[in-house]
1. Put 133, 98, 166 in order of accessible area, largest first, 1.4 Å probe: what do you get?
2. Computed from these coordinates, which is Cα extents along the principal axes in Å: (1) 42, 39, 32; (2) 57, 37, 30; (3) 91, 38, 22?
3. Give the residue list of trypsin sites (Lys or Arg not before Pro) in the stretch 8-111 that are DSSP loop and have at most 11 other beta-carbon atoms within 10 angstrom.
4. Angle check, please: helix 122-132 long axis (alpha carbons) against the longest principal axis of the chain (alpha carbons), in degrees 0 to 90, nearest 10.
5. With every protein chain left in place, what is the accessible area per residue of the stretch 1-130 in square angstrom, probe 1.4 Å?
6. For the chain, what % of the accessible area comes from carbon and sulfur atoms, probe 1.4 Å?
7. Using the Cβ atoms and a cut-off under 12 Å, what net charge is assigned to the surroundings of residue 119, where Lys and Arg are +1 and Asp and Glu are -1?
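The values are calculated or read from the model by the stated rules, or taken from the named source; none is laboratory data. Source: prediction; values computed, not measured. FYI the Cβ positions are ideal-geometry reconstructions off the backbone, even for glycines, and counts take in every protein chain you see. Accessible surface is based on the protein model in full, side chains and every heavy atom, while ligands, DNA and RNA are left aside. Shrake-Rupley method; radii C 1.70, N 1.55, O 1.52, S 1.80 Å.
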Amino acid sequence: MDNQTLMRIAVVVVAAAVAVTMWLLMKRRRTTALRARFGPEYDHVRQSAKTTAEAERELQQRQRRVESFSLKTLTREQADEFAALWRGVQARFVDDPHGASVDADRLIEDVMRARGYPVEDAVHRLDDLSVEHAAVVSHYGAARNIVERQQRGEASTEDLRQAMVHFRALFDELLGTNRDVRRAS
């Protein structure tokens, strides 16, 4: 082999090494960004997916879906109105735990709707919330599970109290009027 051929082979090998290194760095950066954004939800999706790549595609699809929404913060008046409604739901819990937990679930839907989330699609509701509210989305899932168990007659009053605590975590997060809606850049 002459020097020119060796030089061409060396250039191709170096270019391939640089390309692979860049691809690995981009992949690591994407993973880090998704982990930071989705928190525990990243691990939850990863466990239910066949591969990390499949899980990350799912999370990126969620991001794209939510980015198509016109999410907004609530006005101070809206937040005050929803907070008053929440206090009423909590006050009814003592006399009607089942009814109050169902009302809390409906109130969460009302707040989501006011914020710009499409609540009609129950299948995507948790996924949609996970993009902007990853830290508390598990609370909503737990509360919904308890309400569904109650509808089958399988939840105690203590379970319903826990549902209210879970609903409250998401409610407070959704009501947060002193922070802007986060957007992925």
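1. Numbers: 133 5, 98 65, 166 40 Å².
The residues order as 98, 166, 133, largest area first.
2. So the structure-derived entry is (3).
3. On the way: sites: 8, 27, 28, 29, 30, 35, 37, 46, 50, 57, 62, 64, 65, 72, 76, 87, 92, 106; in loops: 50, 72.
Hits after loop and neighbour filter: 50.
4. Its long axis makes an angle of about 70 degrees.
5. Values: 8320 Å² over 130 residues.
Heavy-atom accessible area per residue stands at 64 Å².
6. Values: 6040 of 11110 Å².
Carbon with sulfur: 54 percent of the solvent-accessible area.
7. Numbers: positive: 106, 113, 115, 125; negative: 105, 109, 110, 120, 121, 128.
Around residue 119, the surrounding residues sum to -2.
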